[in-house]
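What follows draws every value from the coordinates through simple rules; no lab data is involved. This is a predicted model, so every value here is computed, not measured. Quick reminder, even Gly has a Cβ in these numbers, built from the backbone with ideal geometry, and neighbours come from all protein chains shown.
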Amino acid sequence: MTTIRLLHGLADATAVCRLFADIWDVPADRGPIDVSMVVALAHSDCYVAGAFDGDQLVGASVGFLAGRHRDVLHSHVTGIRDDRTSAGIGYALKQHQRAWARQRDLTAITWTFDPLIARNAYFNLTRLGGRLAEYLVDFYGPMSDGRNLGHPSDRAFVRWELSDERRPGPLPETVVVLDIGADDGPRWQAGAVRDRPVELIIPADIESVRRRDPDLAMAWRLALRDALTRLLEAGWTVVGFRRLGGYLLTPPERRIADVDR
């Protein structure tokens, strides 16, 4: 049985950073966050939590207070061991974050994720009901870890309102404007979309695509970046992610987005 608890002190911080280094496939001193920062955040009553299977640390999350009024928890780094990603640990950590934040009268939780990783998009936007607030181009700059090496660090910025108790509703019928072509690359459906929801379909496992064909993965990165940034800038709203499909967007009122290529 997995248990989640808040972490404190140097030993806990060291264990968290070692876990992250293993997950991100980097040396222990080159993980996504260093030990001293984890110690400082925990000591400052920020969010540092670990998921345990017995005495074994199998997941962890580190965050800090953010927002103009410091009423938001920004979940900066969360990682789960690869062999435990289907064990419900991510959901349990998010619920633990939610309870922690509500106890402190915070209003929302924010975080970023790679928008090309379909399973994370589905989890964040459909299962949890978070809102994709921004598309951030190459947000962290060049990254040298085993998961991101050689690819721009584009990120989707998610905001999860703590006052919103609604469960995600039914997904809309859509017009597919980005699809997977016969060559497995991105294929645009030409045409001006006026007043119907649209879907941007992406590969179900972009990480496998990266390993076997980095150029194809880059083509998908640029295609999704182009589509999402243009639609969001035109006032469209991401309302979810369809499992084995893609991003679902609804149009702004009385506005038109031309998605011709």
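Summary of values
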item: Debye log10 I(q)/I(0) at q = 0.13, 0.14, 0.19, 0.22 Å⁻¹ for the stretch 10-115, Cα point scatterers; result: -0.45, -0.53, -0.98, -1.27
item: Residue 70-residue 230 FRET efficiency (beta carbon distance; Förster radius 41 Å; 0.05 resolution); result: 0.80
item: Extension gain (nm, one decimal) between residue 1 and residue 139, 0.36 nm per residue minus Cα-Cα; result: 46.1 nm
item: Computed lengthening from residue 83 to residue 237, 0.36 nm per intervening residue step minus Cα-Cα distance; result: 52.0 nm
item: Percent of alpha-carbon pairs separated by more than 18 Å within the stretch 175-258; result: 40 percent
item: Value of [θ]222 nm, deg cm²/dmol, for the chain, DSSP H segments ≥ 4, -39500 (n - 2.57) each, nearest 500; result: -8500 deg cm²/dmol
item: Label-point separation, residue 10 to residue 22 (7 Å along Cα→Cβ), nm; result: 2.2 nm
item: In degrees, nearest ten, helix 214-233 long axis to first principal axis of the chain (Cα); result: 80 degrees
item: Normalised contact order of the chain, rounded percent, pairs of Cα under 8 Å and 6 or more residues apart; result: 15 percent
item: The stretch 68-118: translational diffusion in µm²/s, Stokes-Einstein, Kirkwood Rh over Cα pairs, 25 °C, 0.890 mPa s; result: 198 µm²/s
